[in-house]
Amino acid sequence: MSAVKHDVFQAIADPTRREVLRLLSEKEMPISALTSHFPMSRTAIAKHLAILTEAELVAGEKVGREKIYRLQPEPLGELKDWLAYYEQFWSNKLTKLKYVLEENNED
């Protein structure tokens, strides 16, 4: 039986995982360095890393006795594409707001 693959949306739903991604966007780190940023156990961080790895957002490479994790941002493109569709609604609302404000300023 194969492992359940997490999708990008599930992976970034958790604030801890979002913070792990942010930290890894700055530099590659071993789990010990990542754990120092959170008030939780190494085991808990390892579980978050497993979900991020399954979603292909991070990759770990064994270096000596440690595993160094790095960000793989490519899957975030799926999220960007999904959000891009909704930008039209934000843009329309901002255009309407600008119109209303300009109308009120003319009074």
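Of these, Leu101, Leu79, Leu83, Leu94, which one is touching a residue at least 60 places away in the same chain (Cβ under 8 Å), out of contact with any Asp or Glu (no Cβ under 8 Å at 6 or more places or on another chain) and either outside the structural domain of His6 (by TED's automatic domain parsing) or not in a helix (DSSP H, G or I) (or both)? Explain how you work it out, then say what you get.
Details: Leu101 fails: touching a residue at least 60 places away in the same chain (Cβ under 8 Å); Leu83 fails: touching a residue at least 60 places away in the same chain (Cβ under 8 Å); Leu94 fails: touching a residue at least 60 places away in the same chain (Cβ under 8 Å).
Just one listed residue meets the conditions, Leu79.
Screening Leu83, Leu101, Leu79, Leu49 for residues that are modelled with pLDDT under 95, of a type in the set (A, V, I, L, M) and in contact with a Phe, Trp or Tyr (Cβ under 8 Å, 6 or more places away or on another chain) leaves exactly one candidate, Leu79.
Take Thr95 and tell me if it is among the hydroxyl-bearing types (Ser, Thr, Tyr) and touching a Phe, Trp or Tyr at 6+ places or on another chain (Cβ under 7 Å). Don't jump to the end; show me each part of the working.
Numbers: among the hydroxyl-bearing types (Ser, Thr, Tyr): yes; touching a Phe, Trp or Tyr at 6+ places or on another chain (Cβ under 7 Å): no.
No: the conditions fail for Thr95.
Among the conditions (1) of a type outside the set (Gly, Ala, Ser); (2) in contact with a strand residue (DSSP E or B) (Cβ under 7 Å, 6 or more places away or on another chain); (3) surrounded by 13 or more Cβ atoms within 10 Å (Cβ to Cβ), the only one that Thr35 does not satisfy is (2).
Filtered by the rule that a residue be surrounded by 15 or more Cβ atoms within 10 Å (Cβ to Cβ) and not aliphatic (A, V, I, L, M), the stretch 68-79 gives Tyr69, Gln72, Pro75.
Given the criteria within 26 Å of Glu19 (Cα to Cα), in a helix (DSSP H, G or I), assigned by TED's automatic domain parsing to the domain that holds Asp7 and free of Cβ contacts under 8 Å to residues at least 40 places away in the same chain, does Leu49 qualify? Explain how you work it out, then say what you get.
On the way: within 26 Å of Glu19 (Cα to Cα): yes; in a helix (DSSP H, G or I): yes; assigned by TED's automatic domain parsing to the domain that holds Asp7: yes; free of Cβ contacts under 8 Å to residues at least 40 places away in the same chain: yes.
Yes: the conditions hold for Leu49.
The values are calculated or read from the model by the stated rules, or taken from the named source; none is laboratory data. Please read these numbers as outputs of a predicted model, since none were measured by experiment. Every residue, glycine as well, gets a Cβ built from its backbone with ideal geometry; the counts of neighbours run over all protein chains shown.
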